[in-house]
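Engineer: Submitted below is the structure of interest, expressed as structure tokens.
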Amino acid sequence: MAYWNEWRPYVSQAARRRRAAVEMAKLKKKGHPVAPVILQGRTIASTFWGKAWCDNLEGYSDYDNRLPRGRTYVRNGSVVDLQIARGEVSARVSGSDLYKVKVDIVPVPKPRWKSICRDCAGGIDSLVELLQGRFSKGVMERICRQRSGLFPAPEEIRFSCSCPDWASMCKHVAAVLYGIGSRLDDKPELLFRLRKVDEKDLLAGAATGLPISGKKPAAGKVLDTTDLSGIFGLDLAGETESESTKPGKAASRRDVRKPRTKKARGKGKRGARKE
Ligand SMILES: [Zn+2]
């Protein structure tokens with residue numbers, strides 16, 4: 001019913017919000033978990049993982065014209081529910097109506113994941129350091145590298161929305177994409193679920209090869225994983241076996257170069273978003 005869209009009577013933001021709240025309450029009653037994206041101020045993401053997710057989106061010119069409206073939407077609390085699962089995100093966004101958004105993310109191809117783990121070998125000592133983004137610039141660059149790092153390129157992202165104009169990324173989809181960045185601030189481990197890889201493969205000792213940092217894990221810094229499961233709500237069982245425990249080839253110098261991103265070419269470094 002796209003032709004109705006422009007004739008719809010204006011509905012105030014407060015009224016939309018009330019309607020969304022009623023719908024969300026109904027969903028909760030039915031047992032559906034509801035997790036809205038709520039920002040503190042205007043900053044969408046402030047940790048390494050959240051910011052890197054947003055920077056990645058903004059690093060591709062494919063989305064240039066479509067992302068700004070999403071920023072406004074996520075800031076004003078329109079993403080009333082966001083659920084991140086393995087390979088997919090489902091969300092509800094309050095607009096002229098309450099819309100359902102679905103985002104599918106392609107898993108990281110195995111050879112790429114092996115390459116990332118090999119190149120980062122020895123650079124991340126513990127799960128806490130990994131999830132807090134406490135590692136060297138070299139490791140960050142490898143993880144964030146466009147099209148060969150951990151974050152999805154546009155061709156690896158499929159989306160749909162129940163609104164009339166979703167075909168070329170509507171503001172609801174854009175808001176959800178930013179909402180994912182915000183959620184990664186609190187739950188960075190969800191990025192690994194989303195991309196269907198095991199974050200423990202990245203830890204020191206999980207892979208062999210020439211590390212980017214050359215750093216060896218300090219015994220005292222490796223925390224007891226039984227504590228971590230409590231801190232992050234993770235299932236840490238069965239971490240000993242992974243593909244990358246097999247010996248890999250040494251990382252070549254060429255792999256450690258700076259990614260050629262839009263940012264690297266022109267824009268300066270971006271801090272926390274405050275537009
Ligand atoms: Zn939409």
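Engineer: Between Ser160 and Asn76, what is the label-to-label distance in nm when each label sits 7 Å out along the Cα-to-Cβ direction?
Structural biologist: 2.8 nm
Engineer: Can you run phi through the Karplus equation (6.51, -1.76, 1.60; θ = phi - 60°) for segment 96-107 and list ³J(HN,Hα) in whole Hz, with x for Gly and Pro?
Structural biologist: 4, 9, 9, 9, 9, 10, 10, 10, 9, 10, 5, x
Engineer: While we're on this one: What FRET efficiency, computed as 1/(1 + (r/R0)^6) with R0 = 25 Å and r the Cβ-Cβ distance, is obtained for Ser148 and Asp104, rounded to the nearest 0.05? Walk me through the intermediate numbers first.
Structural biologist: Numbers: r = 20 Å, r/R0 = 0.81.
Approximately 0.80, to the nearest 0.05.
Engineer: Which parts of segment 152-186 would a label at Ser61 reach, counting a residue when its backbone N lies under 17 Å from a point 7 Å out along Cα-to-Cβ?
Structural biologist: 154-155
Engineer: Under a plain spin-label model, where a point goes 7 Å from the Cα along Cα-to-Cβ, how far apart in nm are Ala21 and Ala85?
Structural biologist: 2.9 nm
Since every read-out is calculated from the coordinates, none of them should be taken as a lab result. Since we're looking at a predicted model, the values are computed, not measured. Heads up, the Cβs are rebuilt from the backbone with ideal geometry, glycines too, and the neighbour counts pull from every protein chain shown.
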